[in-house]
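Q: One structure follows; several queries about it will come next.
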Amino acid sequence: MNDGSIDYGAVFQALPGMVALLTPELVYADVNEEFCTMSGRKRQDLVGRYLFDVFPDNPNDSGASGMRNLAASLQRVIATGERDAMALQRYDVENPDRPGEWEERYWSPVNAPAFGPDGKVTLLVHRVEEVTELIKARGGPSGSRARVLEAELYTRARELQEVNERLRQAHAREREVALALQEAMLPARRQVGHYDAAVRYRPAVGALNVCGDWYDLVDLVGGHRIGVAVGDVVGHGLEAAGVMGQLRSALSAASRVAEGPGEALNVLGRYAHVVDGAESATAVTTFIDFDEHTITYSSAGHPPPVLVHADGRIEFLDQATDPPLDARPDPIPRPQACARYTVGATLVLYTDGLIERRREDIDTGLARLADALARHRTEDPERLADSVLLELLPPGGATDDTALVIVRL
């Protein structure tokens, strides 16, 4: 059947179960026929009205929490772009024919996002199944097994929701502290201001993989030279932020006294063996010599830096790649390689959150990065950094941290 011949409006109205479409402002955009039937409202009483003006909490129930729980679920969908299945809810409804008379009702809601062309949440699909009859087990004596089961089921659902909410709040606090610690330990923009460089850090969306990425820029001894590095610690939260700080500081110190980036990573690898949480950490460091117009580099399991030549040619610096920092029980000297550049070239270091996507080959992400850098190469580092992040990161944010350093040579 041709898609053009399908009346999706009719399909929506015929959907089994109660289904409503809400705007991100929680205003009813549409409802299906069963929603009207089961809620006891007419379509004109719903569409265009604010959700909680139509269905407020029962004012006679001091413990009513349905409105607060539903609002929190819908806001999570807007913030994360992910479906949210709620625990069983008691949410009393005022009888539309007898104002002031409230009916005890139980619901099983699921909320899901609908996205626009720009990838942003434009509508919320609110599907509800009423389970009042099941919970109340009408017709059974008050002391029956059905009534006991009703109370047990509702109590457990409430407990589960309360535990989930406490976990969300605890994670939010840890995330906030971890990000503050991360920000305190990474070089501030003003600290890299005397370089023609831009730095960016974007934390992951949601609970996973936040605060493990880092970057650093340091002045090196002898001539006009600087060291530029990025790294990635496996893990998230406060532990990852602490490990990140230790590794960044150790590499910064090693770079100032090492003969080259290979030796600096060799020292860092030995140190990583005695740092809990540094397992499988990766890093890449580059020594830029502005007098000789050379970049010496070494990588410990990290995606390759990109050298954007002044003529637009893209070169991945992948000739000195070694396993992650703690991969060898008895570390051997790490390799390093050298690339030459002309004035006006650009060096780009990044972490894998910029290029990796689920179910996608990493070469696809590298090609996407190369294309963006080639097209925007004439922009200054600050604008170039913003352009690259805008094009490569998903509209709703990535599921992994992203660190990015851009240096104009």
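Q: With the Cα gyration tensor of segment 220-347 giving a ≥ b ≥ c as the square roots of its eigenvalues, does the rule (a/c under 1.5 for rounded; else a/b larger than b/c for prolate; else oblate) give rounded, prolate or oblate?
A: Because a/c hits 1.5 or more and a/b exceeds b/c, segment 220-347 counts as prolate.
Q: Hey, another quick one. If packing is taken as the average count of other Cβ atoms within 10 Å, what order do 265-272, 380-387, 96-103 fall into, highest mean first?
A: 265-272, 380-387, 96-103
Q: Treating the beta-carbon of each Lys and Arg as +1 and of each Asp and Glu as -1, no other charges, what is the dipole magnitude of segment 75-126 about its Cα centre, to the nearest 20 debye?
A: The dipole magnitude comes to about 280 debye.
Q: Ok, one more. Does segment 1-59 come out rounded, prolate or oblate by the C-alpha gyration tensor, with a ≥ b ≥ c the root eigenvalues, rounded set by a/c under 1.5 and, if not, prolate when a/b is larger than b/c and oblate if not?
A: Prolate.
Q: How high is the FRET efficiency from D318 to I78, r the C-beta distance, R0 41 Å, rounded to 0.05?
A: 0.50
Q: Among rounded, prolate and oblate, which fits segment 6-141 when a ≥ b ≥ c are the square roots of the eigenvalues of its C-alpha gyration tensor, a/c under 1.5 means rounded, and a/b larger than b/c means prolate?
A: prolate
Q: A follow-up question, please. When only the heavy atoms of the protein chains count and the probe is 1.4 Å, how do H302, H376, H224 rank by accessible area, highest first?
A: H224, H376, H302
Q: A follow-up question, please. What figure in square angstrom, to the nearest 10, would you give for the accessible area of D363 with a 1.4 Å probe?
A: 100 Å²
Q: Ignoring any ligand, DNA or RNA, what whole percent of the accessible area of segment 9-113 comes from carbon and sulfur when the probe is 1.4 angstrom?
A: Of the solvent-accessible surface of segment 9-113, carbon and sulfur hold 50 percent.
Q: Related question: Counting only heavy atoms of the protein chains, get the accessible area per residue of segment 27-76 (1.4 Å probe) and round it to a whole Å² value.
A: 51 Å²
Q: Would you kindly state how much longer the chain becomes between D61 and D7 on full extension, computed as 0.36 nm times their sequence separation minus their alpha carbon distance, in nm to one decimal?
A: 15.2 nm
Q: What is the sum of charges around R270, taking Lys and Arg as +1, Asp and Glu as -1, for the other residues whose C-beta is under 14 Å from the C-beta of R270?
A: For residues surrounding R270, the net value is -2.
Q: Which of the peptides 24-30, 108-114 is most tightly packed, and how do the rest follow, going by the mean number of other Cβ atoms within 10 Å of each residue?
A: 108-114, 24-30
Q: Further, regarding this structure: To the nearest 10 square angstrom, how much accessible area does I78 have with a 1.4 angstrom probe?
A: Number for this one is 50 Å².
Q: Calculate one ³J(HN,Hα) per residue across segment 292-302 by plugging θ = phi - 60° into the Karplus curve 6.51 cos²θ - 1.76 cosθ + 1.60, and present them in order as whole Hz with x for glycine and proline.
A: Ordered by residue, 3J(HN,Hα) equals 8, 6, 10, 10, 9, 9, 8, 10, 10, x, 10 Hz.
Q: Moving to a separate point now. Using R₀ = 35 Å, calculate the FRET efficiency as 1/(1 + (r/R₀)^6) where r is the Cβ-Cβ separation of V47 and D371; round to 0.05.
A: With a Förster radius of 35 Å, E is 0.20.
Q: Only Cα pairs under 8 Å and at least 6 apart count here; give the relative contact order of segment 23-117 as a rounded whole percent.
A: 23 percent
The values are calculated or read from the model by the stated rules, or taken from the named source; none is laboratory data. In this text, all values refer to a predicted model and were calculated from it rather than measured experimentally. Using ideal geometry, Cβ is built from the backbone for each residue, glycine included, and neighbour counts are taken over all protein chains shown. Heads up: the accessible areas ignore ligands, DNA and RNA and are worked out on the full protein's heavy atoms, side chains in. Shrake-Rupley method; radii C 1.70, N 1.55, O 1.52, S 1.80 Å.
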